[in-house]
Amino acid sequence: MTTTYTPDDPAYLDESDLRVELERVFDLCHGCRLCFNLCPSFPTMFELIDANDGDVSALTAADQDRVVDECYQCKLCYPKCPYVPPHEWQLDLPRLMMRAQAVRHDQGRPVRERVTDQALARTDLLGRVSVAAAPLVNALTGTPGSWARKAMETTAGLASERLLPPYARTRFSTWFKRRDTNRGPRSFVTEVPQGEVSVFPTCFIEYMEPAIGQDLVKVFERNGVSCSMPDGASCCGAPWLHQGNVKEFTKAATRNVAALVDEVRAGKEVVVAQPTCAYVVKQDYPLYLAGTPSAADAALVAEHTGDPGEYLVALHKAEGTELDTHFVGRDDGTVPDQVTYHVACHLQAQHIGLKSRDLLKIAGVRATLVQRCSGIDGTWGYRAGNYELARKVAAPMAKEIRAAGNDVVCGDCHLANGAIEQETGTRPVHPLQLMARAYGIPEERP
């Protein structure tokens, strides 16, 4: 039995070994079929096997690759599959799919795919340029189906009809540094400081949604938790990882671990307000940096990294600490009694429970849950070749959101929130933004 899932294994990029493992895993999935409705990969896998009278060995390499192509790394296999490690069968389909992408990358992708990979992975470069020219960039890229977007699809392979998130005019780190300089000592609502965190904004908050980071900082500081930012951190590297570029992902992981470990050693917890990025830091950094000089640091950072809702709920429940529960925004009707809350796939895969739902409950806000995938998952749903299939994946999610009938939709995942806006016309807000409004904290002007 082969279970080569770690990149430091000598056989990791051996295609013949990969094919053996794909056949082994597909045979186990065929015998179970519990995941038949999780993502497009499983129906395709089962249809191909059934077309060969149940003979998994009859699948061609092209058949296997089709299953790989339709996996978008939602990670829902982990809470669903009964055979994931430490089960003796060691079935880890997400890791296997990433290995298949790494083998394909090692062998050399077609030019068009390589261009798309670069366009999606150079998030910091694109972010710096786009923030500097935000009005122009947003005007050119903000309308799906426009001539500019069609040109982007032709040249870079990004779906022309996909709604893209706009860039902010000011980066989160710029706001944070100016605020540090201008504000002086923090004034906490609670009498005693209750903790210290390092806010890892990742590219989403840094370049696109600094308002989420601003509200995060204000909610944390209202509750006696001081905030800092790591020096030298950048995009988590997920786009490199999901396209199979282990070398570039490892570079990003090493760079970020070096920045974050200093914060952890200073006694701070790392909070990440984007579930995909948090998952990468907690699960993928230790795996891909195993056997490197950064291995111990990666494990330490992973141990002290979490979701902001997770941190605040734990603070409220712990002995000797608690959240401020004076919610003037609830009293005056600024924040509704009930919202629709989309449960992000990469939060479910972290097995931490529904902490943002619990946080909203503390503020007196009831949440109608929608636990359906958005069909974005990393960068998969932004690729032109995946666009139509991604919308099919998102259709049940949109149906449930409409059926819930609430005026306000919220969700932790910036990627999923974009798909929600495209499919329903409602722009979701982050749970921490709702908490800020519930506290009566006004949103800053852009």
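Every read-out reported here was derived from the displayed coordinates using simple, explicitly stated rules and does not represent laboratory data. Keep in mind the model is a prediction, meaning the values are calculated, not measured. Because the Cβ atoms are built from the backbone with ideal geometry, glycine has one as well, and the counts that use them run over all protein chains shown.
Some values worked out for this structure:
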read-out: Under 5 Å, built H, 5+ apart or other chain: amide partners of Arg383; value: Ala159
read-out: Dipole of the chain, positive end: most advanced residue of Thr426, Val272, Val261 [Cβ charges, Cα centre]; value: Thr426
read-out: Per-pair calculated FRET efficiency, R0 = 35 Å: Val20 and Thr155 via Cβ, rounded to 0.05; value: 0.35
read-out: Dipole magnitude (debye, nearest 20) for the chain, charges at Cβ of Lys, Arg, Asp, Glu; value: 1420 debye
read-out: The chain - Debye-derived log10 I(q)/I(0), Cα point model, q = 0.08, 0.11 Å⁻¹; value: -0.46, -0.89
read-out: Assigned charges on the beta-carbon of Lys, Arg, Asp, Glu; the range 15-107 dipole about Cα centre (debye); value: 440 debye
read-out: Potential extension, Thr170-Arg66 segment - 0.36 nm per residue separation minus Cα distance; value: 33.3 nm
read-out: Long-range HN-HN contacts of Thr368 with modeled amide H, under 5 Å; value: Val339, Thr340, Tyr341
read-out: Amide proton proximity set for Val225, modelled H, under 5 Å, gap of 5+; value: Gln194
read-out: Residue-wise HN-Hα coupling along the range 429-435, computed from phi with Karplus coefficients 6.51, -1.76, 1.60 (Hz; x: Gly, Pro); value: 10, 6, x, 5, 5, 5, 4
read-out: Percent antiparallel among DSSP beta bridges (both partners in the chain, rounded to 5); value: 5 percent
read-out: Dipole axis of the range 15-107 (+1 Lys, Arg; -1 Asp, Glu on Cβ), positive-most option in Pro94, Leu76, Val56; value: Leu76
read-out: Rounded FRET efficiency, nearest 0.05, which uses the C-beta distance separating Ala266 from Arg179 and R0 of 30 Å; value: 0.90
read-out: Under Karplus coefficients 6.51, -1.76 and 1.60, residue-wise ³J(HN,Hα) of the range 296-308 in Hz, glycine/proline x; value: 5, 5, 4, 5, 5, 4, 4, 5, 10, 10, x, 7, x
read-out: Sequence ranges 217-230, 272-285, ranked by mean other-Cβ count within 10 angstrom, highest first; value: 272-285, 217-230
read-out: Values of log10 I(q)/I(0), in the order q = 0.13, 0.14, 0.20 Å⁻¹, for the range 15-107 under a Debye, Cα-only, solvent-free model; value: -0.38, -0.45, -0.97
read-out: Charge context of Ala134, other residues only, Cβ under 15 angstrom, K/R +1, D/E -1; value: +2
read-out: Cα centre as origin, Lys/Arg/Asp/Glu Cβ charges: the range 106-238 dipole, Debye; value: 420 debye
read-out: Mean Cβ count within 10 Å, highest first, over the residues of peptides 202-212, 400-410, 51-61; value: 202-212, 400-410, 51-61
read-out: Under 12 Å, Cβ to Cβ, from Leu76 - net charge with Lys/Arg +1 and Asp/Glu -1; value: +2
read-out: Separation of alpha-carbon centers, the range 87-113 and the range 16-84, rounded to whole Å; value: 13 Å
read-out: Positive dipole terminus of the chain, leading residue within Pro166, Pro43, Thr305 (C-beta point charges); value: Pro166
read-out: Sorted by Cβ neighbour density within 10 Å, fewest at the top, the residues His242, His342; value: His242, His342
read-out: Fewest-first ranking of Cys77, Cys35, using other Cβ atoms within 10 Å as the exposure measure; value: Cys35, Cys77
read-out: Karplus-derived 3J(HN,Hα), 6.51/-1.76/1.60, for each residue of the range 358-375, Hz, glycine and proline x; value: 5, 5, 5, 5, 4, 7, x, 9, 7, 10, 8, 7, 10, 10, 10, 6, 8, x
